[in-house]
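The values are calculated or read from the model by the stated rules, or taken from the named source; none is laboratory data. What you see is a predicted model; the values in this text were computed from it and never measured. Please note: Cβ atoms are built from the backbone with ideal geometry, for glycine as well, and neighbour counts cover all protein chains shown.
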Amino acid sequence: MNEITITIDGRAIKTQEGEYILNAARANGIFIPAICYLTRCSPTLACRICLVEADGKQVYACNAKAKEGMDITTTTPNILAERRAIMEVYDVNHPLECGVCDQSGECELQNYTLEVGVDSQTYSIKDTHKPAQDWGLIHYDPALCIMCERCITVCKDMIGDAALSTVARGSDAIEATFKETMPKDAYAMWNKLNKSLIAPNAGDKLDCTNCGECSAVCPVGALVSSDYQYTSNAWEHKQIPATCAHCSAGCQISYDIKHTSIVDTEPKIYRVKNEWNYVSLCGAGRYGYDFENRNVSKDAAAFIKALDAFKKADTIKFTSTITNEEALILQRLKDKFGYRLVNNEALAFKTFLSDYSAISGKSLYSGDLKAVHAADFVVSIGSALKTDNPNARFAMNNALSMNKGAGLYFHPINDPVVEGMSKNITQFNHAPMMEEAALYLLLDLFGDKDHMPASVVEYLATFHSSKTVTVEESVDEKVTETVVKKVLNEETGVEEEVSEEVTKTIKKKISKEVEVDDNALFALLNAPAGFADTLTKYLAKKESFALMVGPDLYTHPNSANCARLVALIEKYTSFNVTMIPNLSNTLGVAMICDLDAECGNYTIGYNTVGNFTLSALGEGDLDMPSLNQQEGTFTGIDKQVNPTNAALPYGGYVLNDIANALGMNAKYTVEYTAQLPRSAGFKALDFDALPNHYTNAGEEVRGYMLDIQDVATSGDESVKTFDAAKAMNEKVVYLANPVLQFSPFTARAHQLQSKGGLYVSASAMEASGWSEGDRVNVKTSRGEMNVAVIKDGKIEGDIAYLPTFDTEINSEALFDGYRFASVSIQKV
Amino acid sequence: MHHEEVFTDRNVNESSAYYYVDIENYPTTGWDKFKQVVKRTFSGELFVGLWVVMREMIKFDIHTVQYPMEKLPIGPRYRAVHKLLRLWESGYERCIGCGLCEKICISDCIRMDTRIDENSRKEVTEYSINLGRCIFCGYCAEVCPELAIVHGQRYENASEQRAHFVIKDDMLTPLDMLKAGQQAEYPGFGAIIPGSDESVKKTPLAY
């Protein structure tokens, strides 16, 4: 990418070659109206209002790329006439119900109508009857829809569900006289608008992963959250900038709060908003906002009991749904009183990171989701991507659809959502325990074998053999035939037979024996037939490679070896590696706390059950604030320390109160922000100094990036071989959460409340003869439990999974660390 | 019994009801001031006034308004305690819950609760005005797109507390009063300006 200079309205600005004019203008604070364009997605060209004149030619700013020296004018008399006509057309038959519309003034139609100055209407057409539709979490009012198709665009290019498309509107044709009299682009835009409406592909309801991004991007009030409908006006909300607390993506959000009602003046979160041009939310982030610990007051008796418990305890067990500051308080308590800090999933991640560092020499992985967005070849190993970290899935989908990318997805569970991302993605539904084979395959396919450790190269060579295969080829063959033709003799008038020689080229199929390289790793990973050819096709013109590895590897029995292989991939291939931390702040906890593996005799549980339980879920011995009632920071997947603010008040005791009572001294928890360990890459910055916003150019100005530290390495780059016999080909069960759930906190939100069970694909359900709601006994080597069967339409294949979000189902007890376990399931 | 003078011509001249009051020059010297005091003290003007009161008392010709038995009529533009009106024909509440009154209120004393009702319409479930904070500026009535909130004529809003709320039930025209035709339209704040029709640009219709 070269930096170039272009001129917009006489102002010289610098931008990248190939950047869209619209983005270049926005980054430099120059206003060009645009409705249908979404940053990071492909231009739709539905609204045509972004017309500009570039070097004397009218172009659409959203899809015309900037070239060196380009001279752009954003307004000419003709462009102004077009824009005025476009906005008039948008206003034709638009219901005048702005007073009750949920967009309540945050309306791009209203804004542009006023900006362009529409004060009279020239156009008209007979209206059609378009009743409002309830799509589940989303409500669609087609009468308000202006057919910018942003919902369709974001669903396809960013989210990857492609759950929406256009259907016929059933409208009259536009009066012929308008065609001659009205501006050209306005007519074309009207013509398109007049033909279609939005509808879910699945029929009446949406069949998707319910991210709700379609309603976020809607410029008008056509797509709104069903729950939010008519409860409030946008301007009444106070917006609290925050970081989503549910997964490691650490998306920037704003909690929109307002008093609960006239009678109850306590603040309440009404909705979550996001900067949809730069960050996309999943459904848990968007709908799982009211997980606060309600109606808590200072219970002095419980507090004294808590202090006693802390004096008695030798272990603090906790989950990673805490802030960095709380993690630091726990670590300080450990330093002072020698508690054991137990958090198994963070410990697994920490161990994985240190094993990785032993080869890579870096404390942290090199990649982040921004790099995945920009990549054109994306590989995911060891993660149920769409539920482990939806943003990682969006990044992969975005890379595949916007960068003409290709991808590989290695996971035992077949995921139709991943399948639907692109034609150019291949799923490897390998057996559990074969993750190492996947990592070896990457080394084999992409590794720089001249520099890789010789032992690895030798080991990889053992998987290759040449075999002779018979291939059918079509060959052009010239055939000369003698054809007898009847020709009319013009002199005699009689038909005569003449033989003539004709040469034809015909395609002929021949079988040929060829020697080909046979890669045994393909078969070990259950690669689809003909994958070698597919891969060659995928790799054409690919420049930037991204690998995401997930929690399956951290808990893998051979996780150390997996970590070393990941480090080798980073070192000897051009892959940029990103690791997906399990929970919201697993990375932060791993960086801040010295963790222990085993609990002692008396355990204090924080958001998990202990002998004395501190809980933000409202069911412990002492209440704690939940993450939307706290200020502090999270460390997300992008190795970024993101600040979050308290959206709701909290009246009880916090961890800092306990720490103070135990002899530490900080007035507020956020005093610890500046004390986060610099040895782990944190910076000595005060909480109040941390920004949390995006700029017009899309630059993320949030918190700060962790410094990656150099780690001494021994130079030993040996890795262990893997044992293909360990592959778990028997019936297994997986530990994962369904779409929209991450933890008990998401399940507390009123829109996402649900009960867990054994999640089974539709086909497996049919095969086993179960129906939804049946009780089954799930038995592994560690124990058994009785749960209900739930159908999950977003997985395929035979592997069922158990969730962790439902506190009534202690799924972890059935697993031996690794996310897969051999299982027998009996209907009761 | 109510006395009204015609003050239509506000120019001061002989034909209008306005006139300049004849005021003597103020005394400047000490001696003149002393003379004025003596003159005013012993002129007996005091008894003129006392006599007028005495005479009228005996005649029983009372000029004061007998509040609270009797109230002065109030000009239509007076801004007293709010009313919420209903549609004449259907009896539905005029308020659509747009929240503009809440937004424009400069003393932030209006609140409303809304929800989606069974007919998928926006329903205002509760509406309150804190009259203790209300400065009766009339912006709410002026901004209301539905002529739903208006200023009525009830100006008695004394309260034992500073915070003094009226809620929807207090302000909304009861249905029986509406049926009896007792809902009043107020030509005051927020009412349609006479001749508005002429200033509206018509939107073409394809029917």
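Taken over region A:775-796, residues that are surrounded by 15 or more Cβ atoms within 10 Å (Cβ to Cβ) and within 22 Å of A:HIS430 (Cα to Cα) amount to 5. Could you tell me whether A:GLU68 is surrounded by fewer than 17 Cβ atoms within 10 Å (Cβ to Cβ) and in contact with an Asp or Glu (Cβ under 9 Å, 6 or more places away or on another chain)? Taking the combined requirement at face value, the residue satisfies it. Beta carbons closer than 6 Å, at least 6 apart along the sequence or on distinct chains, pair a first residue in region A:173-202 that is over 20 Å from A:ARG150 (Cβ atoms) with a second that is of a type in the set (Asp, Glu) for A:PRO183/A:GLU82. When region B:163-187 is filtered for residues that are assigned to a loop (DSSP other than H, G, I, E, B), over 23 Å from B:TYR78 (Cβ atoms) and either under 22 Å from the mean Cα position of the chain (by Cα) or in contact (Cβ under 8 Å) with a residue 60 or more places away in the chain (or both), only B:ALA163 remains. Screening A:LEU22 on (1) part of a helix (DSSP H, G or I); (2) more than 34 Å from the chain's Cα centre (by Cα); (3) among the hydrophobic types (A, V, I, L, M, F, W, C) shows it passes everything except condition (2).
Residues that are surrounded by fewer than 22 Cβ atoms within 10 Å (Cβ to Cβ) and in contact with a His (Cβ under 8 Å, 6 or more places away or on another chain): list the helices (runs of 4 or more DSSP H) wholly contained in region A:527-578 that include at least 1 such residues.
On the way: elements: A:531-539, A:551-554, A:559-572.
Filter on region A:527-578 gives A:559-572.
Any chance region A:90-106 includes a residue that's part of a strand (DSSP E or B) and within 29 Å of A:LYS273 (Cβ to Cβ)? Checked region A:90-106: no residue is part of a strand (DSSP E or B) and within 29 Å of A:LYS273 (Cβ to Cβ). Of the strands (runs of 3 or more DSSP E) lying entirely inside region A:779-828, those carrying at least 3 residues that are assigned by TED's automatic domain parsing to the domain that holds A:LEU752 and more than 21 Å from A:LYS755 (Cα to Cα) are A:820-822. Among the residues of region B:188-207, the ones that are within 14 Å of chain A (Cβ to nearest Cβ), of a type outside the set (Lys, Arg) and part of a loop (DSSP other than H, G, I, E, B) come to 6 in all. The residue that is nearest to the chain's Cα centre (by Cα), among those in region A:95-111 that are facing chain B (nearest Cβ under 10 Å) and of a type in the set (Asp, Glu), is A:ASP102.
Check region A:282-292 and report whether any residue there is of a type outside the set (Asp, Glu), surrounded by fewer than 20 Cβ atoms within 10 Å (Cβ to Cβ) and touching a residue at least 12 places away in the same chain (Cβ under 8 Å). If you could, list the steps in order and put the result at the bottom.
Quick first cut of region A:282-292, residues of a type outside the set (Asp, Glu) only: A:282-289, A:291.
Now drop any that are not surrounded by fewer than 20 Cβ atoms within 10 Å (Cβ to Cβ), which leaves none.
Scanning region A:282-292 turns up no residue that is of a type outside the set (Asp, Glu), surrounded by fewer than 20 Cβ atoms within 10 Å (Cβ to Cβ) and touching a residue at least 12 places away in the same chain (Cβ under 8 Å).
Any residue at all in region B:88-95 that's surrounded by 14 or more Cβ atoms within 10 Å (Cβ to Cβ), more than 11 Å from chain A (Cβ to nearest Cβ) and under 20 Å from B:ASP170 (Cβ atoms)? Please lay out each step first, then the result.
Initially, region B:88-95 is screened for residues surrounded by 14 or more Cβ atoms within 10 Å (Cβ to Cβ), giving B:93-95.
Restricting the remaining residues to those that are more than 11 Å from chain A (Cβ to nearest Cβ) gives B:93-94.
Applying the additional criterion that residues be under 20 Å from B:ASP170 (Cβ atoms) yields B:93-94.
Yes - at least one qualifying residue is present in region B:88-95.
Taken over region B:97-126, the residue count meeting the criterion of being in contact (Cβ under 8 Å) with a residue 40 or more places away in the chain and more than 8 Å from chain A (Cβ to nearest Cβ) is 2.
Pairs meeting the criteria (first residue in region A:112-129 and more than 7 Å from chain B (Cβ to nearest Cβ), second residue surrounded by fewer than 16 Cβ atoms within 10 Å (Cβ to Cβ) and in a loop (DSSP other than H, G, I, E, B), beta carbons under 6 Å, at least 6 apart or on different chains) are A:THR128/A:GLY170. Within region A:131-187, the set of residues being under 30 Å from A:GLN121 (Cβ atoms), within 14 Å of chain B (Cβ to nearest Cβ) and outside any helix (DSSP H, G or I) comprises A:PRO131, A:ALA132, A:GLN133, A:HIS139, A:TYR140, A:ASP141, A:SER171, A:ASP172, A:ALA173, A:ILE174, A:GLU175, A:MET182.
So that you can scan it fast, the table gives a plain yes or no per residue for (1) buried (at least 19 other Cβ atoms within 10 Å of the Cβ); (2) among the polar types (S, T, N, Q); (3) part of a strand (DSSP E or B):
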{"site": "A:VAL733", "(1), (2), (3)": "yes, no, yes"}
{"site": "A:VAL739", "(1), (2), (3)": "yes, no, no"}
{"site": "A:THR746", "(1), (2), (3)": "yes, yes, no"}
{"site": "A:HIS750", "(1), (2), (3)": "no, no, no"}
{"site": "A:GLY756", "(1), (2), (3)": "yes, no, no"}
{"site": "A:TYR759", "(1), (2), (3)": "yes, no, yes"}
{"site": "A:ALA767", "(1), (2), (3)": "no, no, no"}
{"site": "A:SER771", "(1), (2), (3)": "no, yes, no"}
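Summed over region A:303-319, residues that are touching a strand residue (DSSP E or B) at 6+ places or on another chain (Cβ under 6 Å) and either more than 24 Å from A:SER743 (Cβ to Cβ) or among the acidic types (Asp, Glu) (or both) total 0.
Just to verify a result, which residue in region A:222-247, among those that are more than 11 Å from chain B (Cβ to nearest Cβ) and in contact with a helix residue (DSSP H, G or I) (Cβ under 6 Å, 6 or more places away or on another chain), is surrounded by the most Cβ atoms within 10 Å (Cβ to Cβ)? Outline the logic, then answer.
Initial filter on region A:222-247 (more than 11 Å from chain B (Cβ to nearest Cβ)): A:222-223, A:225, A:237-247.
Retained after the next criterion (residues that are in contact with a helix residue (DSSP H, G or I) (Cβ under 6 Å, 6 or more places away or on another chain)): A:222-223, A:225, A:244, A:246.
Numbers: A:ALA222: 26, A:LEU223: 26, A:SER225: 20, A:CYS244: 30, A:HIS246: 27.
Once the filter is applied, the top-ranked residue is A:CYS244.
Could you tell me whether region A:296-304 includes any residue that is basic (Lys, Arg), away from chain B (no Cβ under 14 Å) and buried (at least 18 other Cβ atoms within 10 Å of the Cβ)? Don't jump to the end; show me each part of the working.
Initial filter on region A:296-304 (basic (Lys, Arg)): A:298.
Next, only the ones that are away from chain B (no Cβ under 14 Å) stay: A:298.
In the following step, the residues that additionally are buried (at least 18 other Cβ atoms within 10 Å of the Cβ) were identified as none.
No: region A:296-304 contains no residue that is basic (Lys, Arg), away from chain B (no Cβ under 14 Å) and buried (at least 18 other Cβ atoms within 10 Å of the Cβ).
Is it true that A:TYR356 is of a type outside the set (A, V, I, L, M, F, W, C) and without any contact (Cβ under 8 Å) to a residue 40 or more places away in the chain?
Numbers: of a type outside the set (A, V, I, L, M, F, W, C): yes; without any contact (Cβ under 8 Å) to a residue 40 or more places away in the chain: no.
No; evaluated as a whole, the condition is false for this residue.
Report the residue count in region B:127-162 for those that are closer than 15 Å to B:GLU185 by Cβ and free of Cβ contacts under 8 Å to residues at least 60 places away in the same chain. Counting residues in region B:127-162 that are closer than 15 Å to B:GLU185 by Cβ and free of Cβ contacts under 8 Å to residues at least 60 places away in the same chain gives 2.
Among the residues making up region B:127-143, those that are more than 10 Å from every other protein chain (Cβ to nearest Cβ) and in contact with a Leu (Cβ under 9 Å, 6 or more places away or on another chain) are B:CYS140, B:ALA141, B:VAL143. Is it the case that some residue within region A:629-650 is crowded, with 21+ Cβ neighbours inside 10 Å, more than 32 Å from the chain's Cα centre (by Cα) and assigned to a strand (DSSP E or B)? No, because not a single residue in region A:629-650 is crowded, with 21+ Cβ neighbours inside 10 Å, more than 32 Å from the chain's Cα centre (by Cα) and assigned to a strand (DSSP E or B).
One residue stands out among those in region B:144-171 that are among the small types (Gly, Ala, Ser) and away from chain A (no Cβ under 14 Å): the one that is nearest to A:ASP102 (Cα to Cα), which is B:GLY152.
Of all residues in region A:260-295, count the ones that are among the polar types (S, T, N, Q) and within 14 Å of chain B (Cβ to nearest Cβ).
Step one: filter region A:260-295 for residues among the polar types (S, T, N, Q), giving A:260-261, A:265, A:274, A:277, A:280, A:293, A:295.
Right, trim to within 14 Å of chain B (Cβ to nearest Cβ) and you get A:260-261, A:265.
Final tally of qualifying residues: 3.
Suppose we filter B:VAL37, B:VAL81, B:VAL65 for residues that are over 29 Å from B:CYS137 (Cα atoms), surrounded by 10 or more Cβ atoms within 10 Å (Cβ to Cβ) and either away from chain A (no Cβ under 14 Å) or hydrophobic (A, V, I, L, M, F, W, C) (or both); which single one remains?
Working: B:VAL81 fails: over 29 Å from B:CYS137 (Cα atoms); B:VAL65 fails: over 29 Å from B:CYS137 (Cα atoms).
Testing whether each residue is over 29 Å from B:CYS137 (Cα atoms), surrounded by 10 or more Cβ atoms within 10 Å (Cβ to Cβ) and either away from chain A (no Cβ under 14 Å) or hydrophobic (A, V, I, L, M, F, W, C) (or both) leaves just B:VAL37.
When region A:745-770 is limited to residues that are of a type in the set (D, E, K, R) and more than 17 Å from A:GLY797 (Cα to Cα), the one that is nearest to the chain's Cα centre (by Cα) turns out to be A:ARG748.
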